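Below you'll find the structure, written out as structure tokens, and then a few comments.
Here, each number is a calculation from the coordinates, and none is a lab measurement. Note that the structure is a prediction, hence the values are computed from the model and not measured. Because the Cβ atoms are built from the backbone with ideal geometry, glycine has one as well, and the counts that use them run over all protein chains shown.
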Amino acid sequence: MKRTSRHSQAGGSVMPRKKQRGVALVTVLIAIAITLVISNEFGTSTSTDMIAAANYRDQMRAHFLARSAQNLGELVLRIQYRIDNTKELRGMFDVTEWANMIMSPFCGGAEEVKDLIGLSTDQVKGMGTSDIGTCGLDDFTTEDDKINMNCANSPTGQAAETTKSMLDALVYFQQYDPVFEEADAEGWRRDRNTQTEALVDYVDKDSMRGPATAKNNKLGTSEDYGYESLKDRYYAKNNYLDSTGELKLVRGVDDRFWTLFGDAFTVYGGCKVNLPRVTNPQLIVAILYLAADTKIQQPILQDPRKMYILASLVAKAKEMGENFTKADDFITFVKDPSAALQQLAAAGGMAGSAAINALAQGMGLPPGEKVSIQLDASLLNAMVTFAPRRTFRVSAWGEVERKQKNADGSPVFPPIRSTITGVWDTKVFPQNVRKQPAPKGAWVFLRED
């Protein structure tokens, strides 16, 4: 007997089973959930892209603000170069000290522009950056007060010899004995002469130990500092350095050595140290030691403590306004620094004896004890120069505040800042200039952070 379905008996219509009821509702809920996830993802991605685009925009603005400050800094440097090379104006004006004031109409806000030029930013174009960001210049410093290590690669050898002598004098203090009595960070042992030779040999172009001389072309032993046997082996550069950081590859130059002497090195400028700009007592001592008159006995040369005190007095004289415009001024000062400082102190309104006593006590010189040295002018002029600054280190920056704010009005993210650090050399001709003749002066180093 054939059985018929209840669905068939109900007039041919098929009734849904109980377990299939609500499938459409679940399907709709799943579709809505997926749509919400996709929508949220799309919104998050869009917000991220908008913030990233805003960041890229602000980074670009900060970059060009820094570039603008750099160009204005170049204008200041060229003006200073003209002043320094005008005999009647030399030493009278230092425009670099007023650079930030010069920058204010261009990089400042609307109020700064109005205070300086008497006009608002609505009345003049190209003034102020308050609607975009701010920019400026950090303090101008010089590389003239350091030892140019690239002079160790001098083709004549004379500059290399002077560089070696400066290095020897730089490290001669007895206080540095532990540095050379103990091994460096890699276990390499050396004395002072070996260390200074390693510095010179890393830069000079030959393969012989020590600086080459014009007479004998350095007839000595070959360079062998074991660079090739290190775990990460390399070779001495034997060429001009691009930065002082490369000196950290020289044997013996570990963190301890670099902390003590790293500030005395540069790779820019001339081979003679610009003495009026030197403030590092270590380097001043090196100059005094090498320029001492060898025709007479001078016990101070055997007393590192007194040499350092004399160098500190020279640095203090610079702070008190002594410029040392020529060699005779410096020779006269170190021959009797007490008398020279008394004159400077009197000119500044302070009793001379009180000034000297204060300086002496602060530097560890017993009352009544004097320090002095007699220098040879020819030896002094062979290694130093008394000239306007040749090199300038400048940091130009641009800063843009981001627009995202919290409920209390404080910024969500810190401002975006771009800093361009450059070294300007007044004796270098710029390359690939658009119009000849090109004026002297060019950036020899640029780095953006």
Item to complete: Any chance you could run the full-extension gain for Lys248 through Asn71? It's 0.36 nm times the residue separation minus the Cα-Cα distance, nm to one decimal.
Response: 60.5 nm
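Share of Cα-Cα pairs in region 150-385 beyond 23 Å, in percent?
Working: 14790 of 27730 pairs.
So the pairs more than 23 Å apart make up 53 percent of the total in region 150-385.
Can you work out the FRET efficiency for the pair Asn40 and Phe445, with r the C-beta to C-beta distance and R0 = 51 Å, to the nearest 0.05?
Working: r = 49 Å, r/R0 = 0.96.
Efficiency computed from Cβ-Cβ geometry: 0.55.
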Fill in: Using θ = phi - 60° and Karplus 6.51 cos²θ - 1.76 cosθ + 1.60, couplings along region 315-320 (whole Hz; Gly, Pro as x)
5, 5, 4, 4, 5, 8
Worksheet item: Across region 269-275, in residue order, what do the Karplus-derived ³J(HN,Hα) couplings come to in whole Hz, using 6.51 cos²θ - 1.76 cosθ + 1.60 with θ = phi - 60° and x for Gly and Pro?
Response: x, x, 8, 9, 6, 7, 4
Practice prompt. Just grab the label-to-label distance for Phe64 and Glu88, each label 7 Å out from Cα along the Cβ direction, in nm (one decimal).
Written response: 4.2 nm
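Could you line up Trp258, Trp98, Trp424 from fewest to most neighbouring Cβ atoms inside 10 Å? Please list the in-between numbers first.
Values: Trp258 15, Trp98 11, Trp424 29.
Lowest to highest Cβ neighbour count: Trp98, Trp258, Trp424.
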Worksheet item: In terms of modelled amide H atoms, which long-range or inter-chain residues lie less than 5 Å from the amide H of Asn85?
Response: none
Worksheet item: Nearest 20 debye, what's the magnitude of the dipole of region 150-385 about its Cα centre given +1 on Lys and Arg Cβ and -1 on Asp and Glu Cβ?
Response: 420 debye
Worksheet item: If each of Tyr240 and Asp139 carries a label point 7 Å out from its Cα toward its Cβ, how far apart are those two points in nm?
Response: 3.0 nm
Fill in: Among the listed pairs Lys295/Lys427; Lys237/Lys326; Lys326/Lys427; Lys146/Lys370; Lys87/Lys370, those beyond 26 Å (Cα-Cα)
Lys295/Lys427; Lys237/Lys326; Lys146/Lys370; Lys87/Lys370
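Sequence gap at least 6, Cα distance under 8 Å: using those rules, report the relative contact order of region 150-385 to the nearest whole percent.
Working: 306 pairs, mean separation 45.9, N = 236.
Worked out over region 150-385, it gives 19 percent.
For Ile331, Ile79, Ile287, Ile30, what's the fewest-to-most ordering of other Cβ within 10 Å of each Cβ? Don't jump to the answer; show the numbers that get you there.
Values: Ile331 18, Ile79 15, Ile287 24, Ile30 10.
If I rank by nearby Cβ atoms, fewest first, I get Ile30, Ile79, Ile331, Ile287.
How do Arg61, Arg434 line up, fewest other C-beta atoms within 10 Å first?
On the way: Arg61 19, Arg434 6.
By the 10 Å Cβ count, ascending: Arg434, Arg61.
Multiply the residue separation of Ile79 and Asp293 by 0.36 nm, subtract the distance between their alpha-carbon atoms, and state the gained length in nm to one decimal. Don't jump to the answer; show the numbers that get you there.
Numbers: separation 214, 0.36 × 214 = 77.04 nm, distance 3.94 nm.
73.1 nm is the gain from fully extending Ile79 to Asp293.
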Item to complete: Enumerate the calculated ³J(HN,Hα) couplings along region 60-68 in order (Karplus 6.51 cos²θ - 1.76 cosθ + 1.60, θ = phi - 60°), each rounded to whole Hz, writing x wherever the residue is Gly or Pro.
Response: 5, 5, 4, 4, 6, 5, 5, 5, 5
Fill in: Thr27-Lys405 pseudo-label distance in nm [points 7 Å out on the Cα-to-Cβ vector]
5.1 nm
Fill in: Length added when fully stretched, Gln343-Gln174, from 0.36 nm per residue minus Cα-Cα
57.5 nm
